[in-house]
Amino acid sequence: MSVAFRRESDDEHLEPKFEIPIAPGPNIVTPRGLRQIVARLAGLDAAIVAETDDDALKVLKRDQRYWATRRTTAQLAEPAGNEEVAIGSRVTFTLNGKRRTIDITGGDEADAASDRIAFSAPLARALIGLAPGETAAFGGTADAIEVLETAPAPDAD
């Protein structure tokens, strides 16, 4: 019989399901970020117990594996201070003359709409290590960034 007429199961023709990619590098988190990971895992655990649909259960378990890995690999950042920009800092700076305030966070808690950027973002990398009054190049422009003030970011959710 020709292979064209042989059909063993529908699973042969399904699109493959991939794991959620994990960002390379260290998984540095703030206390707020660690609480978010733990809460996400608790929510997934409850959803898995309640789920009856096999396909939805597979998606929930995939998400659970991702967040369990993120919890296992989480490295709590040293507390940020007022002397220099670090992970966990709220920093006010000027970028090409425009004033901005952002929080520097771990990758999973970053949210640009809320002015929280990951420590691995180019802007955060340019800011980390600077003290108030210091400048840095950014985007090919010398002294594009000037740090005005830095303090620990509020830890409220």
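The values are calculated or read from the model by the stated rules, or taken from the named source; none is laboratory data. Predicted model, so just to flag it, every value in this text is computed and none were measured. Here Cβ is always computed from backbone atoms with ideal geometry, including for glycine, and neighbour counts include all displayed protein chains. Just so you know, the surface numbers come from the protein's heavy atoms only, side chains and all, with ligands and any DNA or RNA stripped out. Shrake-Rupley method; radii C 1.70, N 1.55, O 1.52, S 1.80 Å.
Got a sec? Which of L34, L44 is in contact (Cβ under 8 Å) with a residue 12 or more places away in the chain, open to solvent by less than 60 Å² (accessible area, probe 1.4 Å) and either within 12 Å of the chain's Cα centre (by Cα) or closer than 15 Å to A74 by Cβ (or both)?
Details: L44 fails: either within 12 Å of the chain's Cα centre (by Cα) or closer than 15 Å to A74 by Cβ (or both).
Exactly one residue qualifies, and that residue is L34.
Within segment 75-86, how many residues turn out to be in contact with a helix residue (DSSP H, G or I) (Cβ under 9 Å, 6 or more places away or on another chain) and either among the hydroxyl-bearing types (S, T, Y) or open to solvent by 30 Å² or more (accessible area, probe 1.4 Å) (or both)?
Here is the first cut: in segment 75-86, the ones in contact with a helix residue (DSSP H, G or I) (Cβ under 9 Å, 6 or more places away or on another chain) are 76-77, 79, 85.
Then drop every residue that is not either among the hydroxyl-bearing types (S, T, Y) or open to solvent by 30 Å² or more (accessible area, probe 1.4 Å) (or both), which leaves 76, 79.
Here the count works out to 2.
Given the residues A68, A113, which is the only one that is without any contact (Cβ under 8 Å) to a residue 12 or more places away in the chain and either outside any strand (DSSP E or B) or more than 16 Å from the chain's Cα centre (by Cα) (or both)? Spell out the reasoning first.
Values: A68 fails: without any contact (Cβ under 8 Å) to a residue 12 or more places away in the chain.
Sole residue among the options that is without any contact (Cβ under 8 Å) to a residue 12 or more places away in the chain and either outside any strand (DSSP E or B) or more than 16 Å from the chain's Cα centre (by Cα) (or both): A113.
Just one of the listed residues (R62, R100) is without any contact (Cβ under 8 Å) to a residue 60 or more places away in the chain, open to solvent by 60 Å² or more (accessible area, probe 1.4 Å) and either in contact with a Ser or Thr (Cβ under 9 Å, 6 or more places away or on another chain) or under 28 Å from E149 (Cβ atoms) (or both), and it is R100.
Would you confirm whether any residue within segment 131-148 is within 30 Å of L41 (Cα to Cα) and assigned to a strand (DSSP E or B)? No, segment 131-148 has no match at all. Scanning segment 54-65 for residues that are of a type in the set (A, V, I, L, M, F, W, C) and closer than 25 Å to A153 by Cα turns up nothing. Which one is farthest from L95 (Cα to Cα) among residues in segment 109-157 that are open to solvent by 70 Å² or more (accessible area, probe 1.4 Å) and small (G, A, S)? It comes out as A156. Within segment 4-29, residues that are closer than 26 Å to V59 by Cβ and modelled with pLDDT of 70 or more have Cβ atoms under 6 Å from residues that are of a type in the set (A, V, I, L, M) and surrounded by 10 or more Cβ atoms within 10 Å (Cβ to Cβ) in these pairs: N27/A74; V29/A74, counting only partners at least 6 apart in sequence or on another chain.
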